[in-house]
Amino acid sequence: MENPYLPYPVRIDDIEVATEDKSLKTFTFVFVNPEDEEKFAYKAGQFAELSIPGVGEIPIGIASSPVEKGFVKFTVFRTGVVTTHLHNMKKGDLMGIRGPLGNWYPWDKLENKNVVIIGGGFAFTTLRSSIVYMLDPANRKKFKNIDVVYGARSPGMLLYREELFDWEKRDDINMHITVDGTDDPDWKYHTGFVPQVVEDNAPVADEDTYAIVCGPPIMIKFTQPALTKLGYQPHQIIMSLENRMKCGIGMCGRCNIGKELVCKDGPVFTLEEINQTPKEY
Ligand SMILES: Cc1cc2nc3c(=O)[nH]c(=O)nc-3n(C[C@H](O)[C@H](O)[C@H](O)COP(=O)(O)OP(=O)(O)OC[C@H]3O[C@@H](n4cnc5c(N)ncnc54)[C@H](O)[C@@H]3O)c2cc1C
Ligand code: FES
C-alpha cells in the first residue's frame, strides 16, 4: 500500500502577486516526475496539502482546473509560519504536494442545471477552478445558465482580475463582481456586500438551479437567507467548509463536525447535510 502521507515532489514554475497589498500570491507548480501529474488527477472543488520540508504542511484549495494540463496552481494568503515561508520562496524551489484530497462539487448532479457560483475573498480559489471547468468548450454545453457573484474588499483585492474581466465580456456567463467599497470614480461594477448582491442579482431558484457558496463564515451566514428568499431549498445550496485540518485524510480527527470529518466527508456539503450536524458550525 502506498504511504498516504508521502507528497509528490513539485517545482515552483511561476509566482504571481495576486493582490495589490501583496498578501496573496498564486504559485504554479510542475511535477518533478511527470507521471505524478496523472496520479494527482483532481476535480474542481478539491484541496491538497502543500508541504515545505522542515517547515510544515498546510491544506490549500486547488485553484487550477482539471482542464488545465501540465501544472497545478494554488493562491495562498500570507498569514503564519508555513504561508510566510512559501511567500518567500523563489521560482525553481522544490517542495511537496499531497492529494488530491476531499470531495468536490457534485458535477454529475449539476449537469443540465443552472449554476450560481458565490464567492468572497480568497475562498474564490476553488471557484475559479470550477468556472474554468464549466467554461471549457468540452463542458460548457453540459450546464445551463451560469451566474457568478464574487466580492472582495476593494478592486485591488480581487483575484484573477484579467480572467474576471474576460469572463465578463462573454455572453455565456453572467458576472456580478462587487467590492465592499472603492474611491475609484470609474468603478463600473457593484459596490456592497456579497449577500446583498446575491439577493439583488442572482436568479430566482427553480428546481433546476443550484448555488455553490464558498467564502468567509460571515459571508456564508448572510448569503443563506438571501438564497432562501430567492427560493433555494437546502439541498440546492452547496457549500465548501474550511475547518481546522491537519492530515487531510481522516486520520487525526482534528476537523470533525459531529461525526463528519470535513477533510474526508467534505469539504463540500449541501446546506441540507449541514443542517443535520451539531450546531457548532
Ligand atoms: C480545505 C481548506 C482549503 C484552504 N484553501 C486555502 C486557499 O486556497 N488559500 C489560502 O490562503 N488558505 C487556504 N486555507 C487556509 C490555510 O490552510 C491556512 O491559512 C494555513 O494552514 C495557515 O498556515 P500557516 O502555517 O501559515 O499559519 P499558522 O497560523 O502559523 O499555522 C500554524 C499551523 O496551524 C495549522 N493551521 C492554521 N490555520 C489553519 C487552517 N485554516 N486550516 C488548517 N490548519 C491550519 C497548520 O497546521 C499550520 O501549519 C484552506 C484551509 C482548508 C482547511
Ligand atoms: S484533517 Fe485529520 S481527520 Fe480531518
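The values are calculated or read from the model by the stated rules, or taken from the named source; none is laboratory data. Bear in mind that the values here come from a model prediction, so they are computed numbers and not experimental data. In this analysis, Cβ positions are derived from the backbone assuming ideal geometry, glycine residues included, and neighbour counts consider all displayed protein chains. Quick note on the areas: whole protein, heavy atoms, side chains included, nothing else; ligands and nucleic acids left out. Shrake-Rupley method; radii C 1.70, N 1.55, O 1.52, S 1.80 Å.
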Fill in the blank from the handout: A correct Karplus calculation of ³J(HN,Hα) over segment 27-41, with 6.51 cos²θ - 1.76 cosθ + 1.60, θ = phi - 60°, whole Hz and x for Gly and Pro, returns 9, 9, 10, 10, 6, 5, 9, x, 5, 5, 4, 5, 5, 8, 4
Practice task
Determine the per residue accessible area of the chain with all protein chains present and a 1.4 angstrom probe, expressed in square angstrom.
Solution key: 48 Å²
Completion exercise
For residue 140 and residue 109, extending 7 Å from Cα along the Cα-Cβ vector and measuring point to point gives, in nm, a value of 2.7 nm
Handout entry: Alpha-carbon radius of gyration plus Dmax, which is the widest Cα pair, for segment 21-137 in Å
Key = 14.6, 47
Exercise for the section: Could you list, in their original order, any pairs among 109/141; 141/264; 113/188; 39/264 whose Cα atoms are separated by more than 20 Å? Expected result: 141/264; 113/188
Practice task
Could you work out, for segment 126-273, what percent of all Cα-Cα pairs fall into each 10 Å distance bin, beginning at 0 Å and stopping at the bin that holds the largest distance?
Solution key: 10, 35, 35, 17, 2, 0
Problem - For the chain, share of DSSP beta bridges that run antiparallel, in % to the nearest 5 - result: 60 percent
Practice task
Using amide H atoms built 1.01 Å from N in the peptide plane, name the residues 5+ places from residue 117, or on other chains, whose amide H lies under 5 Å from its own.
Solution key: 147, 148, 149, 212
Exercise for the section: Obtain the nm distance between the two label points defined at residue 168 and residue 6 by a simple spin-label model: each point lies 7 Å from its Cα along the Cα-to-C-beta direction. Expected result: 4.8 nm
Exercise for the section: Enter the angle in degrees (range 0 to 90, nearest 10) between the Cα long axis of helix 217-229 and the first principal axis of the Cα atoms of the chain, meaning the one along which they spread out most. Expected result: 30 degrees
Problem - Gaussian network model of the chain, springs between alpha carbon atoms under 10 Å - residue of 190, 85, 176 with greatest fluctuation - result: 85
Completion exercise
So the pair-distance distribution of segment 29-76, from every Cα-Cα distance in 10 Å bins, comes to percents of 24, 58, 18, 0
Fill in the blank from the handout: Scalar couplings 3J(HN,Hα) for segment 46-62 by Karplus 6.51 cos²θ - 1.76 cosθ + 1.60 (θ = phi - 60°), nearest whole Hz, x for Gly and Pro, are 7, 10, 9, 9, 9, 10, 10, x, x, 10, x, 9, 9, x, 9, x, 7
Problem - Kirkwood Rh, angstrom, the chain [1 / mean 1/r, Cα pairs] - result: 19.3 Å
